[in-house]
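Worksheet: the structure to be examined is printed underneath.
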Amino acid sequence: MNKKKDLKKAYTTLYQLKNQQVIRLATEKMPVIEFTKDMEAPFALGKVTKPYGTERMWRGKERADIYLLNLETGAKEKIRTGVQARIELSPTGAYAYWYHPEDSCWYTYSTQHKKEFRLTTPDQFIAWNEEQDVPDFPYPHGAAGWTKEDKELLVYDRYDLWKVDPEGKSWPVNLTRNGRTERITYRRVSLDKEEKYIDLTQEQLLIGFHEESKGYGYYQTNLAAPRVPQTLIAGAYKLRPPVKAKNADAVIYSIETFETYPDLLLTNIRFSKSIPVIDGFRQQEKINWGTAEWITWLSLDGIPLEGVLYKPENFDPAGKYPLLVNFYERNSETLYDYRMPEPHRSTIDYHFYTSNGYVVFNPDIRYKEGYPGESCFNSVMPGIAAVVAKGYIDEKAIGAQGHSWGGYQVAYLATRTHLFAAIESGAPVVNMFSAYGGIRWETGLNRSF
C-alpha cells in the first residue's frame, strides 16, 4: 500500500553552519522527526513505530518509542518505550510533555535533568473526556500552551483552563473559576499567529460554549490570578475564533445561527461596536430555509437526551409533515450552526429536505459499551416518539439516514422496527464477521481493529 510513497521517501537531515557538519536525524527505522514550533530549541523528538505496526491492526492505536535528539551533537536518547501518546516539546525544549490515556494524567520529561514528572492526578481535576462512551481510554481536552521560559503549562478540562507546574511541585490552579459551576466551556483564543508563549500578565480572549443553552460568548480575562472571565458578548448564537489585525485594534468575527448567515463583522478588541463587512444572507432569501429547535426526551434506559428538530420556514403546526431522521453520535451542540446547502456523497442536505416540506430530526445517542445498535434503538426511538407526539408528523412517512457509523446503526434499526417507510444506509459495516479480515480503505491495515 505504501510502496510508491516509500520509494520516494526523504529523511530529515541537519546541516550545522558553525562547523559545517551534516547530521542525519531521520532514518529508515526512525522516519518521523518533530521540532518545536519555531525550530529554535536545541532538541527534537524522534518517533519509532515499526515494532508496533502489526499490533496496531488489533489495538486500533499506534504505539511508539520516543527518542530525544540533541541537535548540537546528534546524540539520541530513548525517553519512552511503547507509549500510546502524542508527545511534544515545550517552546525552549526544556520539557517533552504528553497526556497518558491509560491513567488520564499529564506528564513531562526534563531534557536537562533526564527525569520524568507526573503533573496531574485524577483527584486534582478531570483532565480527560468524562463523557467518553466508547470502549477505549478517554482523550484529553488538550493544552493551551506554555508561559515564558516554560515555567507553566496551561491545560484544559471539560470547562476550565488550568495552570500546571511542569515538574508537579505544586497543585494545579483553576484560572477561570466558574466554567464547571456554570457549565461554560472556556477555550483561549490566540490572536497572534507568531505567538510563542502565553503572557499571563496580558489580557486574554476566551471563547465560551454554554452547555445548557448551546449559545456562545467572547470573554476577557487576566490569567495572572484565578478569576471569573468578563463577558464581552454572549447570546443564542454560535461564535468562532476571531482574527485580529497585526498592527491595529481591529478584529474580524462572525455571528451565526441556523437561520443567520455568518457574515463577517469588523469590531475592536472589546467588541463594543460591530460593522458588517459582507452581506451573504441574500444568498438564502429565495430558499424555504427552515428553523432549528432544541428538544429533549428520555431514552428507554432513562437517560436524559437532547436533539435538534429542523422545520420548513413556512411550517404550519396544523399540517402533517414527513419526517427524516439523521444522526451520528451526538450533535445537539450544533443547534446554532449555520448549514451551507451543498451536495454530500452519502448523507443528506438538510435544506433540500426542509425546502421540500420535510421535518428533519437529529437526535443524540448515548452508548452502552458493547451494545451500539441497542444503544441507538434506545436513544432514537423514544426521540422519534417525542416528535410524533407533537401532532404534526405523518407517521406513515418517516425515514432514516446515516453514514458510516450512522450507516451501521440505521441498518441495525431496520432489523428492529417497521416504523420507517424507508432507510438509506451509507458506507456501513453490516457484517462484522466478513469485515474483520478485510483491508481498511486507503490504509492497508487489517480491519480487525
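The values are calculated or read from the model by the stated rules, or taken from the named source; none is laboratory data. Just so it is clear, the structure is predicted and the values come from calculations on it, not from any experiment. Neighbour counts are summed over all protein chains in view; Cβ atoms, including those assigned to glycine, are modelled from backbone coordinates with ideal geometry. Please note that ligands, DNA and RNA were not included when accessible areas were found on the heavy atoms of the full protein model with its side chains. Shrake-Rupley method; radii C 1.70, N 1.55, O 1.52, S 1.80 Å.
Computed quantities for the displayed model
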{"item": "Condition met for Leu71 (surrounded by 13 or more Cβ atoms within 10 Å (Cβ to Cβ), modelled with pLDDT under 95 and out of contact with any Gly (no Cβ under 8 Å at 6 or more places or on another chain))", "result": "yes"}
{"item": "Tabulated pairs, region 273-295, first under 22 Å from Gly307 (Cβ atoms) and of a type in the set (A, V, I, L, M, F, W, C), second open to solvent by less than 50 Å² (accessible area, probe 1.4 Å) and at pLDDT 90 or above, C-beta under 6 angstrom, 6+ apart or interchain", "result": "Ala292/Phe258; Ala292/Val308; Ala292/Tyr310; Ala292/Leu335; Trp294/Leu335; Ile295/Gly307; Ile295/Leu309"}
{"item": "Test set (1) β-branched (Val, Ile, Thr); (2) surrounded by 13 or more Cβ atoms within 10 Å (Cβ to Cβ); (3) at pLDDT 95 or above - Ile275 fails condition number", "result": "(2)"}
{"item": "Selection status of Val325, over 30 Å from Leu264 (Cα atoms), touching a residue at least 40 places away in the same chain (Cβ under 8 Å), within 27 Å of the chain's Cα centre (by Cα) and open to solvent by less than 20 Å² (accessible area, probe 1.4 Å)", "result": "yes"}
{"item": "Count of region 199-230 residues which are closer than 30 Å to Leu305 by Cα, of a type in the set (A, V, I, L, M, F, W, C) and in a strand (DSSP E or B)", "result": "3"}
{"item": "Meets criteria (open to solvent by 30 Å² or more (accessible area, probe 1.4 Å), touching an Asp or Glu at 6+ places or on another chain (Cβ under 7 Å) and modelled with pLDDT of 95 or more) for His141", "result": "yes"}
{"item": "Residue pairs meeting the criteria (Cβ under 6 Å; at least 6 apart or on separate chains; first over 25 Å from Leu175 (Cα atoms), in region 124-136; second among the aromatic types (Phe, Trp, Tyr))", "result": "Asp133/Tyr367"}
{"item": "Segments classed as strands (runs of 3 or more DSSP E), wholly inside region 18-84, with at least 1 members that are without any contact (Cβ under 8 Å) to a residue 24 or more places away in the chain and over 30 Å from Trp441 (Cα atoms)", "result": "21-24, 76-83"}
{"item": "Candidates Thr120, Thr108, filtered to the one that is within 30 Å of Lys368 (Cα to Cα) and crowded, with 20+ Cβ neighbours inside 10 Å", "result": "Thr120"}
{"item": "Checking Glu149 against (1) in contact (Cβ under 8 Å) with a residue 40 or more places away in the chain; (2) in a strand (DSSP E or B); (3) open to solvent by 30 Å² or more (accessible area, probe 1.4 Å), the condition it does not meet", "result": "(2)"}
